[in-house]
Structure formats: structure tokens, C-alpha cells
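Worksheet for the structure shown next.
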Amino acid sequence: MTRPPTVAQRRVIDAADPVTGRLRGTESQLTALVKRGLAFRHPRPPHDHFLTPEGHRVRQGITQAPEPDGPGKAPASTGVFAARVGGEEAAADAGPARRREVHSAWQGLVELRRMTNPGGDVDRPCGWERAHLVRAAALALEAAGHGPAGREGPGYRVRETPQPEAVAVHEPDGEALRACAATLEGAGWQVSEHREPRGGTRYLLASPRRA
């Protein structure tokens, strides 16, 4: 668990624009939030800073999140919100509170697309998603109602791959796997289905669509 934001950082987060997530603060405060994954700097002038989906969750008082440790590994907690990538102990918790958190995070991500993609395009992933592929794909899946896998049992698992800008999505149920593909395609990802060399198990490769 990472330490919570400082009092000064928390004031900056709480004062963010409630719709766009635009931040105001000193350069050192904003830089510190960027380093912690709670904010990002817009690449175009005037280079304003905005909350990331994790920053929005911290703003709302959510303090628990999974973060993937690497290819095929179960995630560990980092102290801020993130969608469940599959394999977490808490994956079975899909109650109303969790659904509200995920819905809010997805709405924040859509707003992030609008603010940062050329022309305000919300139909394809933004720069934050390309920098956080596993979490971005998992958020799209969880927000659409797909169930993440627990330590054991059915459900999706999103993992890193050696390929640049690509994640692997595993789901033992063939119909559920195809539904995951449809969700990711609808969220602006390019998806293809493959078979593992050993065992022939089907899985998806998904990459953020650029145009």
C-alpha cells in the first residue's frame, strides 16, 4: 500500500474541476501527482494538468486498487483505484458500491479521452490508456459488466505481453471470450483471437486503435 497524498496534494485533488478533472497547483505539487499516477500533463499547450481515473477515485475517497505485477502475475495493491485485471482476492466483490466506483472511473476515462484526443474523440483510447494498457483494458471490461477471475475459477484475466501496445485477455468460456472481444472493440481497441501453442486455449490480443 502506497502512502496517501499529502495534505497539500489532497487539497489540489479536491479542488479539481468536477467535470474535466483540471487541476490547479504549484509545479512541484502537480509533478508529484503525475509521478504517482494521479494526474497527467496535457501534451498540447497550455499543458494543463488533469486527474487520471485513479486521481478521480482518490478524490472520491477510494483508497484500494490492484496493479499488475507483470505478465501472468496476480496484481498487488497500490493504494489508488484501478479496475480488476483478474486474479485478485477481491475479484468476487461485485456489489453495488463496486459497480458505482467502476462506472465513475469509466466516465472519468471517457472525459479524459474527450479532453486529450484530437477533436475530442471519445471512441478510441487516449494517451493515458496507451501508457496503462492492462488497467485500461480491464476497466473497459469491468465497466461493461464482465466478471474478473478470482484466484481460481472463471472470469477474465488481462495480462501484459511482449508485444508493444498489446495485452492478452484470457477467459476460459468461449462465449464470454467473444463477448470480451466485442466490448473491447466497442471501446476502441483492435482485437484478434489466437490459440496458445500448448493446449490450444483461445485468448485475445488487444491493442488501442489509433484511428
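The values are calculated or read from the model by the stated rules, or taken from the named source; none is laboratory data. What you are looking at is a predicted structure, and each value in this text was computed from that prediction instead of being measured. Positions of Cβ are generated from backbone atoms using ideal geometry, with glycine treated the same way; all protein chains shown enter the neighbour counts. Surface areas here come from the heavy atoms of the whole protein model, side chains and all, with no ligands, DNA or RNA. Shrake-Rupley method; radii C 1.70, N 1.55, O 1.52, S 1.80 Å.
Here are some notes:
- Two-site FRET efficiency, ALA97 against ASP173, from Cβ-Cβ distance with R₀ of 41 Å, rounded to 0.05: 0.95
- When +1 charges are put on Lys and Arg Cβ atoms and -1 charges on Asp and Glu Cβ atoms, the dipole computed for the chain relative to its Cα centre reaches about 520 debye.
- Our helix-only sum for the chain, with -39,500 (n - 2.57) per DSSP H run of n ≥ 4 divided by its residues, gives a mean residue ellipticity at 222 nm of -10500 deg cm²/dmol.
- With all protein chains kept in place, the per residue accessible area of the chain amounts to 50 square angstrom at a probe of 1.4 angstrom.
- Think of the chain as a dipole: +1 on every Lys or Arg Cβ, -1 on every Asp or Glu Cβ, centred on the Cα centre; then among HIS56, LEU205, ALA179, HIS56 lies furthest on the positive end.
- The chain: most fluctuating residue of ALA16, ALA140, ALA32 per GNM, C-alpha cutoff 10 Å: ALA32
- Sequence-ordered 3J(HN,Hα) estimates for the stretch 46-52 from the Karplus curve with 6.51, -1.76 and 1.60 and θ = phi - 60° stand at x, 6, 5, 9, 9, 5, 7 Hz, glycine and proline given as x.
- Other residues lying with their Cβ under 10 Å from the Cβ of THR20 contribute a combined charge of -1, Lys and Arg counting +1, Asp and Glu -1.
- Percent accessible area from carbon and sulfur atoms, the chain, protein chains only, probe 1.4 Å: 52
- Projected label distance in nm at GLU193 and VAL7, using a 7 Å step from Cα toward the beta-carbon: 5.7
- Label-point gap, in nm, between LYS35 and GLN107 - each point 7 angstrom along Cα→Cβ: 3.3
- A simple spin-label model places the labels of GLU185 and ARG202 1.2 nm from each other, with each point 7 Å out along Cα-to-Cβ.
- The alpha carbons of the chain occupy a box of 55, 36, 30 Å along the principal axes, longest dimension given first.
- One decimal place: the segment ARG22-ASP123 gains 34.3 nm when fully extended, by the rule 0.36 nm per residue minus the C-alpha distance.
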